[in-house]
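*Asks:* Please see the structure below; I have some questions.
The values are calculated or read from the model by the stated rules, or taken from the named source; none is laboratory data. What you see is a predicted model, and the numbers here were worked out from it, not measured in a lab. Using ideal geometry, Cβ is built from the backbone for each residue, glycine included, and neighbour counts are taken over all protein chains shown. In case anyone asks, the SASA skips ligands and DNA or RNA and just uses the protein heavy atoms, side chains included. Shrake-Rupley method; radii C 1.70, N 1.55, O 1.52, S 1.80 Å.
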Amino acid sequence: MAILELLEVSKRFGRNRAVDGVSFSVEPGRIFGLLGPNGAGKTTTIRMITYILLPDSGRIMLMGRPVGPEQQQRIGYLPEERGLYRRMRVLEQLVYFGRLKGLSARQAQEAARRWLQRLQAMGWEEKRVEELSKGMQQKVQFIASVLHEPDLLILDEPYTGLDPLNTELLTQVILELKAQGKTILFSTHRMEQVEQLCDDIVLINRGQVVLAGSVREIKARYRKDTIRLEFSGPDGVLDRLPGVQVISRSRHAAELRMLDPALRPQDLLLRLASELEIQRFEILEPSLQQIFIETVSRQIEQGRGA
Amino acid sequence: MWIGLLGYEVREALRGRWVWAYGAFFLLLTEGLFRFASDPARVSVGLLNVVLFIVPVVALFWALVGFYQTRDFLELILSQPVPRRWVLWTKIGSGAGTLILFFAIGILIPYLLHARGQWAALSEGLWLVGTGSLLIVIYYGIGFGLAVTREDRTRAFGIGMVFWFFTAVLYDALLLLLLLLLRDYPVERPAFVLTFFNPLDLARILLTMRLEAALLMGYTGALYERLLGGVLGQLIALGVLLLWAVGPLGWAQWRFMRRDF
């Protein structure tokens, strides 16, 4: 059974339809990516899941029950905008959030210390939040969202403000949480992180779902039309290939895209081999970034055409 | 849990520097007035205009700044399993409550030091604090309601400023102009009713009647005395002022409960 289910959820702000009939479900123990360009309706969708906003229509079910105050207890939420008491000390703040989620002061304190250690933030307990850097505040806020061991963890742009070392640390922690059976809903613009972490994704544009499924399945669905080439010899032939776009090119390497659906890779290889000495000819899987751009651009084109 | 939430909010508010500066301002002002004019009655009259002008505008802007500064934090709190009504009342309670606390301490400490045993003078101090506190609640409620309804903070501050200016300065001037234009007609009773629509007028009337500061009473204050007599006039002014305190808070709650964050 899905841990989270959205059924035909819609939300309007005045005349703007921010979310329009969105449906998807999240399976337990998986990392689920909620993707989309700016203003697509991701944050509104998350705010409805966390019960900050109420949908105008449709249903949101968490663990088989409509979201509400009881379900909020089972959610951990890291919002995109940081929200901590600026003058409060770190430990006091974490205990406060733990208590709001139903932990006793002692349980909250123990969990906070454990998490501070895990995120290499020992010694921060007595620091005021305003004394911390953006990245450090981000870690504190992350701890506030996982302190009560939620079943569903919602992370909206969790890597904002983190340096590469802390990005890696947070990635490890997210994977550990997944290994413990937690479900993670993850919203980001950084596609390389989606590729690295997510099992399933849903792509939203203009408030509607335009693509959904497991990452593997989606990538397999898209045509493998990109070729990585390494060669020696004069490369003039690259300019004379019908139905092929040169994406990037250097003296002995190039990345090509087959625009003509009738063109087969073996035909292209034969054509290239007739003029170049081929050292490498690799058919690449499309990246999520490419799929994202292609899908959104196609929708924009369709919108213009309509 | 509500008390716990309020406790954290109050502690956070007490850590701010401005609320201490606000308390220190009233403490130094009241103490200074007592040193220059040893008669407590003159001190109360001296404080009257400060209470009527400074207290509302500070409360209004305190609410606006407090809301917009903690806007992101509010979103996080609303995602916790805490009823929305609690979130609202802890915000209002901690914001208006700390202002009232520091205002009351600032005024009352000098009264207790200089007017020890003088019940009449102490009661004047208490009336100043009581009426000032009501003004804090009213203007804090209006500020909070404005912040909840307006996404654009500049516009909210603008509307707040205009509202304060209207009630502090413009309303009386317009009322006087109206009375002057209609001086050949029986306008006493309509003028009396018109005072209900300005909380600052009501507070001024109430305090001038309590402080027996006839010179500051003005036309509307004199009307209250003449039409209703001292006690009934004070009761009506206080009653309408209490309604003013409930109205904006009710409006703020109504908007907060329905707002899309």
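*Asks:* Any chance you could count how many residues in the stretch A:217-263 are within 30 Å of the chain's Cα centre (by Cα) and hydroxyl-bearing (Ser, Thr, Tyr)?
*Replies:* Number of matching residues: 3.
*Asks:* Within the stretch B:168-204, can you find the residues that are over 15 Å from B:LEU243 (Cβ atoms) and β-branched (Val, Ile, Thr)?
*Replies:* Going through the stretch B:168-204, the residues over 15 Å from B:LEU243 (Cβ atoms) turn out to be B:168-192, B:194, B:204.
Across the stretch B:168-204, the qualifying residues are B:VAL169, B:VAL187.
*Asks:* Something else about it: Would it be correct to say that A:SER287 is among the hydroxyl-bearing types (Ser, Thr, Tyr) and either touching a Phe, Trp or Tyr at 6+ places or on another chain (Cβ under 7 Å) or open to solvent by less than 50 Å² (accessible area, probe 1.4 Å) (or both)?
*Replies:* Numbers: among the hydroxyl-bearing types (Ser, Thr, Tyr): yes; either touching a Phe, Trp or Tyr at 6+ places or on another chain (Cβ under 7 Å) or open to solvent by less than 50 Å² (accessible area, probe 1.4 Å) (or both): yes.
When the stated conditions are applied, A:SER287 passes them.
*Asks:* Could you say whether any residue in the stretch B:61-71 is without any contact (Cβ under 8 Å) to a residue 12 or more places away in the chain, more than 23 Å from the chain's Cα centre (by Cα) and open to solvent by 30 Å² or more (accessible area, probe 1.4 Å)?
*Replies:* Checked the stretch B:61-71: at least one residue is without any contact (Cβ under 8 Å) to a residue 12 or more places away in the chain, more than 23 Å from the chain's Cα centre (by Cα) and open to solvent by 30 Å² or more (accessible area, probe 1.4 Å).
*Asks:* Select from the stretch A:45-57 the residues that are within 19 Å of the chain's Cα centre (by Cα) and open to solvent by less than 20 Å² (accessible area, probe 1.4 Å) and list them in ascending order. Walk me through it before giving the result.
*Replies:* Initially, the stretch A:45-57 is screened for residues within 19 Å of the chain's Cα centre (by Cα), giving A:45-50.
Within the stretch A:45-57, A:THR45, A:ILE46, A:MET48, A:ILE49, A:THR50 qualify.
*Asks:* Follow-up question, since we're still on this one. Run A:HIS148 past the list (1) part of a helix (DSSP H, G or I); (2) open to solvent by 10 Å² or more (accessible area, probe 1.4 Å); (3) within 14 Å of another protein chain (Cβ to nearest Cβ) and report the number of the one that doesn't hold.
*Replies:* (1)
*Asks:* Among the strands (runs of 3 or more DSSP E) confined wholly to the stretch A:1-56, which include 1 or more residues that are within 14 Å of chain B (Cβ to nearest Cβ)? Before the answer, list the steps.
*Replies:* Working: elements: A:4-13, A:16-26, A:31-35.
Per the criteria, A:4-13, A:16-26.
*Asks:* Okay, moving on. When you go through (1) within 14 Å of another protein chain (Cβ to nearest Cβ); (2) farther than 26 Å from A:PRO28 by Cβ; (3) in contact (Cβ under 8 Å) with a residue 12 or more places away in the chain one by one for A:GLU131, which number turns out not to apply?
*Replies:* Going through the list (1) within 14 Å of another protein chain (Cβ to nearest Cβ); (2) farther than 26 Å from A:PRO28 by Cβ; (3) in contact (Cβ under 8 Å) with a residue 12 or more places away in the chain, A:GLU131 breaks only (3).
*Asks:* Which of the residues spanning the stretch A:61-70 are open to solvent by 10 Å² or more (accessible area, probe 1.4 Å) and touching a residue at least 24 places away in the same chain (Cβ under 8 Å)?
*Replies:* Residues satisfying the conditions are A:MET61, A:MET63, A:GLY64.
*Asks:* Moving on to the next point. Could you check how many residues of the stretch B:29-49 are under 20 Å from the mean Cα position of the chain (by Cα) and within 24 Å of B:TRP62 (Cβ to Cβ)?
*Replies:* The initial filter retains those residues of the stretch B:29-49 that are under 20 Å from the mean Cα position of the chain (by Cα), namely B:29-30, B:43-49.
Subsequent filtering for residues that are within 24 Å of B:TRP62 (Cβ to Cβ) retains B:29-30, B:46-49.
Looking only at that region, the number is 6.
*Asks:* So which of B:PRO56, B:PRO40 ends up being more than 14 Å from chain A (Cβ to nearest Cβ), surrounded by 19 or more Cβ atoms within 10 Å (Cβ to Cβ) and touching an Asp or Glu at 6+ places or on another chain (Cβ under 8 Å)?
*Replies:* Values: B:PRO56 fails: touching an Asp or Glu at 6+ places or on another chain (Cβ under 8 Å).
Answer to the selection: B:PRO40.
*Asks:* Could you list all residues from the stretch B:212-261 that are modelled with pLDDT of 75 or more and either outside any helix (DSSP H, G or I) or within 14 Å of chain A (Cβ to nearest Cβ) (or both)?
*Replies:* B:PHE256, B:MET257, B:ARG258, B:ARG259, B:ASP260, listed by residue number.
*Asks:* Exactly one condition in (1) within 17 Å of B:ASN198 (Cβ to Cβ); (2) open to solvent by 30 Å² or more (accessible area, probe 1.4 Å); (3) not small (Gly, Ala, Ser) is not met by B:PHE157; state its number.
*Replies:* Among (1) within 17 Å of B:ASN198 (Cβ to Cβ); (2) open to solvent by 30 Å² or more (accessible area, probe 1.4 Å); (3) not small (Gly, Ala, Ser), the lone unmet condition for B:PHE157 is (1).
Yes/no matrix, rows are residues, columns are (1) assigned to a helix (DSSP H, G or I); (2) assigned by TED's automatic domain parsing to the domain that holds A:THR167:
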| position | (1), (2) |
| --- | --- |
| A:VAL209 | no, yes |
| A:GLN245 | no, no |
| A:SER248 | no, no |
| A:PHE281 | no, no |
| A:GLN299 | yes, no |
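*Asks:* Does B:LEU33 fit the bill of being farther than 25 Å from A:PHE97 by Cβ and in contact with a Gly (Cβ under 7 Å, 6 or more places away or on another chain)?
*Replies:* For B:LEU33, the condition - farther than 25 Å from A:PHE97 by Cβ and in contact with a Gly (Cβ under 7 Å, 6 or more places away or on another chain) - is met.
*Asks:* Do you know which residues across the stretch A:71-128 are within 7 Å of chain B (Cβ to nearest Cβ), within 19 Å of B:GLU12 (Cα to Cα) and open to solvent by 30 Å² or more (accessible area, probe 1.4 Å)?
*Replies:* Answer for the stretch A:71-128, where residues must be within 7 Å of chain B (Cβ to nearest Cβ), within 19 Å of B:GLU12 (Cα to Cα) and open to solvent by 30 Å² or more (accessible area, probe 1.4 Å): A:ARG82, A:ARG87, A:ARG99.
*Asks:* Report yes if some residue within the stretch B:160-173 is modelled with pLDDT under 85, farther than 18 Å from B:PHE53 by Cα and among the acidic types (Asp, Glu); otherwise report no.
*Replies:* No - not one qualifying residue is present in the stretch B:160-173.
*Asks:* I'd like the full set of residues that are small (Gly, Ala, Ser) and open to solvent by less than 10 Å² (accessible area, probe 1.4 Å), limited to the stretch A:129-143.
*Replies:* Initial filter on the stretch A:129-143 (small (Gly, Ala, Ser)): A:133, A:135.
Within the stretch A:129-143, no residue meets the criteria.
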